[in-house]
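Heads up: the structure comes next, in structure tokens.
The values are calculated or read from the model by the stated rules, or taken from the named source; none is laboratory data. The structure presented is a predicted model; accordingly, all values stated were derived computationally and were not measured. Reconstructed Cβ throughout: ideal geometry from the backbone, glycine too, with neighbour counts over all protein chains shown.
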Amino acid sequence: MEFDPDRVRDNIRRAETSDLLDRVTVYRADLEPEALTLMMEELRARKITPEQIVLHEQSRQEALTDDSGLVRACSFCRNPAIAEGKGWFRLFRLVPLVPRTLYFCSEHVPAEKT
């Protein structure tokens, strides 16, 4: 897929600040260098300081990674996962078919995982 700076720039402008902070910190390895530059520019335009970026990165240190070192995302949103558990792939959200691993961010972690 070819990098489209205009499309990426539009996506970045619509993104929430916390999402951009996650992208430039914990998901940095997944980014195109050009996209990272655009995100850093947007954060500067939003008056986010380098110190705030470092603090955000430190707050995400407990994020789970896969075997290649990439951060796992929550199974229910885009936030970095901090816990994992077992669940089911369900047909029509009703019939359990296949067991699978679920990943949870701090907002979606079940009470028994905390």
For region 38-47, indicate whether the set of residues that are touching a Pro at 6+ places or on another chain (Cβ under 7 Å), surrounded by 10 or more Cβ atoms within 10 Å (Cβ to Cβ), in a helix (DSSP H, G or I) and not aliphatic (A, V, I, L, M) is non-empty.
no
| Condition met for Ser106 (among the hydroxyl-bearing types (Ser, Thr, Tyr), in a loop (DSSP other than H, G, I, E, B) and surrounded by 15 or more Cβ atoms within 10 Å (Cβ to Cβ)) | yes
Exercise. Looking at this structure, is Ser68 touching a strand residue (DSSP E or B) at 6+ places or on another chain (Cβ under 6 Å) and in a loop (DSSP other than H, G, I, E, B)?
Worked result: no
Of Glu84, Glu51, the only residue that is outside any strand (DSSP E or B) and more than 13 Å from the chain's Cα centre (by Cα) is Glu51
Only one of (1) surrounded by 11 or more Cβ atoms within 10 Å (Cβ to Cβ); (2) without any contact (Cβ under 8 Å) to a residue 24 or more places away in the chain; (3) touching a helix residue (DSSP H, G or I) at 6+ places or on another chain (Cβ under 9 Å) does not apply to Val71, and that is (2)
Can Gln58 be described as in a helix (DSSP H, G or I), of a type outside the set (D, E, K, R) and surrounded by 12 or more Cβ atoms within 10 Å (Cβ to Cβ)? no
So, first residue modelled with pLDDT under 95 in region 14-26, second residue surrounded by 16 or more Cβ atoms within 10 Å (Cβ to Cβ) and among the β-branched types (Val, Ile, Thr), Cβ within less than 6 Å, six or more apart or across chains; the pairs are Val26/Val71
